[in-house]
Amino acid sequence: MTTPPAIDGLQRVLLSERAKLLRFLAVRGAGDDAEDVLQDLWQRIASARHEPISDPLSYLFRAAENVMRDRQRSHVSRERRQRDWHDASTVDYDEQPGERGLIARERLREAEQVLAALGPRVADIFRRYRLDGMGQAAIAREFGLSLSSVEKDLHKAYSALAQLRAKFDAE
(Lines give C-alpha, C1' and ligand atoms only; values in the text may rest on other atoms or scores of the structure.)
Protein backbone atom coordinates (compact mmCIF):
# COMPACT_ATOMS: atom_id res chain seq x y z
CA MET A 1 0.00 0.00 0.00
CA THR A 2 1.34 3.43 -0.91
CA THR A 3 1.44 6.18 1.63
CA PRO A 4 -0.28 9.46 0.85
CA PRO A 5 2.03 12.35 -0.01
CA ALA A 6 3.14 14.44 2.93
CA ILE A 7 1.33 17.70 3.56
CA ASP A 8 3.77 20.61 3.44
CA GLY A 9 3.65 23.73 5.62
CA LEU A 10 1.63 25.83 3.19
CA GLN A 11 -1.00 23.11 2.91
CA ARG A 12 -1.17 22.89 6.69
CA VAL A 13 -1.78 26.63 6.91
CA LEU A 14 -4.50 26.34 4.26
CA LEU A 15 -6.21 23.58 6.25
CA SER A 16 -5.98 25.43 9.56
CA GLU A 17 -7.17 28.75 8.07
CA ARG A 18 -9.76 27.23 5.73
CA ALA A 19 -12.72 29.02 7.35
CA LYS A 20 -11.00 32.44 7.06
CA LEU A 21 -10.13 31.78 3.43
CA LEU A 22 -13.72 30.74 2.64
CA ARG A 23 -15.09 33.91 4.25
CA PHE A 24 -12.52 35.99 2.36
CA LEU A 25 -13.55 34.41 -0.94
CA ALA A 26 -17.25 34.83 -0.19
CA VAL A 27 -16.74 38.54 0.53
CA ARG A 28 -14.74 38.89 -2.70
CA GLY A 29 -17.65 37.51 -4.70
CA ALA A 30 -16.87 33.80 -5.05
CA GLY A 31 -20.21 32.87 -3.49
CA ASP A 32 -21.05 29.20 -3.93
CA ASP A 33 -17.81 28.67 -5.85
CA ALA A 34 -15.66 29.42 -2.78
CA GLU A 35 -15.17 25.69 -2.11
CA ASP A 36 -14.13 25.13 -5.74
CA VAL A 37 -11.69 28.05 -5.58
CA LEU A 38 -10.18 26.60 -2.42
CA GLN A 39 -9.88 23.19 -4.11
CA ASP A 40 -8.11 24.81 -7.09
CA LEU A 41 -5.79 26.64 -4.68
CA TRP A 42 -5.02 23.36 -2.89
CA GLN A 43 -4.12 21.71 -6.18
CA ARG A 44 -1.88 24.60 -7.19
CA ILE A 45 0.09 24.67 -3.97
CA ALA A 46 0.28 20.88 -3.80
CA SER A 47 1.83 20.67 -7.26
CA ALA A 48 4.26 23.59 -6.91
CA ARG A 49 7.58 23.68 -5.12
CA HIS A 50 7.83 26.59 -2.72
CA GLU A 51 10.65 28.46 -1.15
CA PRO A 52 10.10 29.30 2.51
CA ILE A 53 7.38 31.95 2.79
CA SER A 54 7.67 34.51 5.57
CA ASP A 55 3.91 35.18 5.83
CA PRO A 56 2.09 32.08 4.53
CA LEU A 57 -1.41 33.31 5.42
CA SER A 58 -1.01 36.52 3.40
CA TYR A 59 0.45 34.46 0.58
CA LEU A 60 -2.60 32.16 0.63
CA PHE A 61 -5.02 35.11 0.62
CA ARG A 62 -3.26 36.59 -2.42
CA ALA A 63 -3.11 33.21 -4.14
CA ALA A 64 -6.82 32.56 -3.42
CA GLU A 65 -7.75 35.91 -4.93
CA ASN A 66 -5.61 35.12 -8.00
CA VAL A 67 -7.32 31.74 -8.41
CA MET A 68 -10.70 33.42 -8.12
CA ARG A 69 -9.72 35.98 -10.79
CA ASP A 70 -8.50 33.18 -13.07
CA ARG A 71 -11.84 31.41 -12.65
CA GLN A 72 -13.74 34.63 -13.39
CA ARG A 73 -11.70 35.18 -16.55
CA SER A 74 -12.40 31.62 -17.55
CA HIS A 75 -16.10 32.20 -16.91
CA VAL A 76 -16.10 35.30 -19.13
CA SER A 77 -14.34 33.34 -21.88
CA ARG A 78 -16.82 30.50 -21.50
CA GLU A 79 -19.73 32.93 -21.77
CA ARG A 80 -18.21 34.45 -24.91
CA ARG A 81 -17.73 30.97 -26.40
CA GLN A 82 -21.32 30.07 -25.59
CA ARG A 83 -22.60 33.27 -27.15
CA ASP A 84 -20.49 32.66 -30.26
CA TRP A 85 -21.66 29.04 -30.33
CA HIS A 86 -25.26 30.12 -30.02
CA ASP A 87 -24.87 32.74 -32.75
CA ALA A 88 -23.22 30.20 -35.03
CA SER A 89 -25.82 27.53 -34.31
CA THR A 90 -28.77 29.83 -34.99
CA VAL A 91 -27.52 30.59 -38.48
CA ASP A 92 -29.23 28.45 -41.08
CA TYR A 93 -26.49 26.20 -42.42
CA ASP A 94 -27.97 26.49 -45.88
CA GLU A 95 -27.03 30.17 -45.84
CA GLN A 96 -23.35 29.51 -45.04
CA PRO A 97 -20.88 29.28 -47.86
CA GLY A 98 -21.12 25.72 -49.20
CA GLU A 99 -17.88 23.96 -48.43
CA ARG A 100 -17.13 25.84 -45.20
CA GLY A 101 -20.57 25.06 -43.78
CA LEU A 102 -20.27 21.42 -44.77
CA ILE A 103 -16.85 21.11 -43.09
CA ALA A 104 -18.13 22.81 -39.91
CA ARG A 105 -21.14 20.46 -39.68
CA GLU A 106 -18.91 17.43 -40.26
CA ARG A 107 -16.41 18.50 -37.57
CA LEU A 108 -19.20 19.13 -35.08
CA ARG A 109 -20.65 15.70 -35.83
CA GLU A 110 -17.23 14.11 -35.28
CA ALA A 111 -16.73 15.95 -31.98
CA GLU A 112 -20.16 14.78 -30.80
CA GLN A 113 -19.28 11.21 -31.82
CA VAL A 114 -15.97 11.37 -29.94
CA LEU A 115 -17.75 12.52 -26.77
CA ALA A 116 -20.52 9.92 -27.21
CA ALA A 117 -17.91 7.17 -27.59
CA LEU A 118 -16.53 8.05 -24.15
CA GLY A 119 -19.87 7.22 -22.59
CA PRO A 120 -22.87 9.29 -21.55
CA ARG A 121 -21.45 10.19 -18.13
CA VAL A 122 -18.22 11.63 -19.55
CA ALA A 123 -20.14 13.54 -22.23
CA ASP A 124 -22.65 14.91 -19.70
CA ILE A 125 -19.92 15.95 -17.25
CA PHE A 126 -17.99 17.66 -20.06
CA ARG A 127 -21.09 19.56 -21.18
CA ARG A 128 -22.02 20.57 -17.61
CA TYR A 129 -18.49 21.89 -16.97
CA ARG A 130 -17.57 23.47 -20.29
CA LEU A 131 -20.92 24.60 -21.66
CA ASP A 132 -23.02 25.15 -18.54
CA GLY A 133 -20.13 26.58 -16.50
CA MET A 134 -20.91 24.39 -13.49
CA GLY A 135 -18.13 23.86 -10.93
CA GLN A 136 -16.51 20.46 -10.58
CA ALA A 137 -17.62 20.05 -6.96
CA ALA A 138 -21.23 20.81 -7.91
CA ILE A 139 -21.02 18.32 -10.78
CA ALA A 140 -19.64 15.68 -8.40
CA ARG A 141 -22.59 16.25 -6.07
CA GLU A 142 -25.11 16.19 -8.93
CA PHE A 143 -23.77 12.91 -10.32
CA GLY A 144 -23.03 11.36 -6.91
CA LEU A 145 -19.32 11.03 -7.74
CA SER A 146 -16.06 11.98 -6.11
CA LEU A 147 -14.28 15.11 -7.31
CA SER A 148 -11.48 12.86 -8.55
CA SER A 149 -13.92 10.95 -10.79
CA VAL A 150 -15.18 14.19 -12.31
CA GLU A 151 -11.59 15.32 -12.95
CA LYS A 152 -10.75 11.99 -14.58
CA ASP A 153 -13.83 12.15 -16.82
CA LEU A 154 -12.95 15.69 -17.88
CA HIS A 155 -9.40 14.57 -18.62
CA LYS A 156 -10.74 11.77 -20.83
CA ALA A 157 -12.91 14.23 -22.76
CA TYR A 158 -10.09 16.77 -23.15
CA SER A 159 -7.66 14.10 -24.34
CA ALA A 160 -10.10 12.72 -26.90
CA LEU A 161 -10.98 16.18 -28.21
CA ALA A 162 -7.30 17.14 -28.38
CA GLN A 163 -6.63 14.08 -30.53
CA LEU A 164 -9.55 15.05 -32.77
CA ARG A 165 -8.21 18.61 -33.01
CA ALA A 166 -4.79 17.25 -34.02
CA LYS A 167 -6.54 15.22 -36.73
CA PHE A 168 -8.36 18.34 -37.96
CA ASP A 169 -5.12 20.34 -37.95
CA ALA A 170 -3.37 17.63 -39.96
CA GLU A 171 -6.07 17.76 -42.65
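The values are calculated or read from the model by the stated rules, or taken from the named source; none is laboratory data. Being a predicted model, the structure only gives us computed values, none of them experimental. Note that each Cβ is placed from the backbone with ideal geometry, even for glycine, and that neighbours are counted across all protein chains shown. Only protein heavy atoms, including side chains, enter the accessible area calculation; ligands, DNA and RNA are left aside. Shrake-Rupley method; radii C 1.70, N 1.55, O 1.52, S 1.80 Å.
Under a point-charge model restricted to the Cβ atoms of Lys and Arg (+1) and Asp and Glu (-1), what is the dipole moment magnitude of segment 12-171 relative to its Cα centre, in debye to the nearest 20? Kindly include the intermediate steps, with their values, before the conclusion.
On the way: 28 positive and 27 negative charges, 125 e Å.
That gives a dipole near 600 debye.
How many Å² of accessible area per residue for segment 31-128, probe 1.4 Å?
Here the per-residue accessible area is 68 Å².
Taking only C-alpha pairs under 8 Å that are 6+ residues apart, what is the relative contact order of segment 6-94 in percent?
Relative contact order, segment 6-94: 32 percent.
Which one of S77, V27, S146 has its Cα pushed farthest toward the positive end of the charge dipole of the chain, where Lys and Arg give +1 and Asp and Glu give -1 at the Cβ?
Value: V27.
Where does each of 77-88, 11-22 land if you order them by average Cβ count within 10 Å, highest first?
Answer by packing, highest mean first, reads 11-22, 77-88.
For the peptides 62-69, 23-30, what is the packing order when you average, over each peptide's residues, the other Cβ atoms within 10 Å and list the highest mean first?
With the highest mean Cβ count within 10 Å placed first, the list reads 62-69, 23-30.
Over 28 Å apart: what share of the alpha carbon pairs of the chain falls there, rounded to a whole percent? Don't jump to the answer; show the numbers that get you there.
Values: 5680 of 14535 pairs.
More than 28 Å apart: 39 percent of the Cα pairs in the chain.
Quick check: the angle from helix 18-27's long axis to the longest principal axis of the chain, C-alpha only, nearest 10 degrees?
The angle comes out near 50 degrees.
Between E51 and A137, how high is the FRET efficiency from 1/(1 + (r/R0)^6) when r is the Cβ-Cβ distance and R₀ = 35 Å? Nearest 0.05.
0.70
Ordered by residue, what ³J(HN,Hα) values in Hz, to whole numbers, does segment 70-77 give under the Karplus form 6.51 cos²θ - 1.76 cosθ + 1.60, where θ = phi - 60° and Gly and Pro are x?
4, 5, 5, 4, 4, 4, 4, 4
Picking from V37, L131, V13, whose Cα lies most toward the positive end of the charge dipole for the chain (charges on Cβ: Lys, Arg +1; Asp, Glu -1)?
Checking the options against the dipole of the chain, the answer is V13.
Modelling each spin label as a point 7 Å along the Cα-to-Cβ direction, I'd like the L108/S159 distance in nm, to one decimal.
2.9
May I ask you to give the percent of accessible area on the chain that is carbon plus sulfur, with a probe radius of 1.4 Å? Mind dumping the intermediate values first?
Values: 6010 of 11460 Å².
Accessible surface attributable to carbon and sulfur in the chain totals 52 percent.
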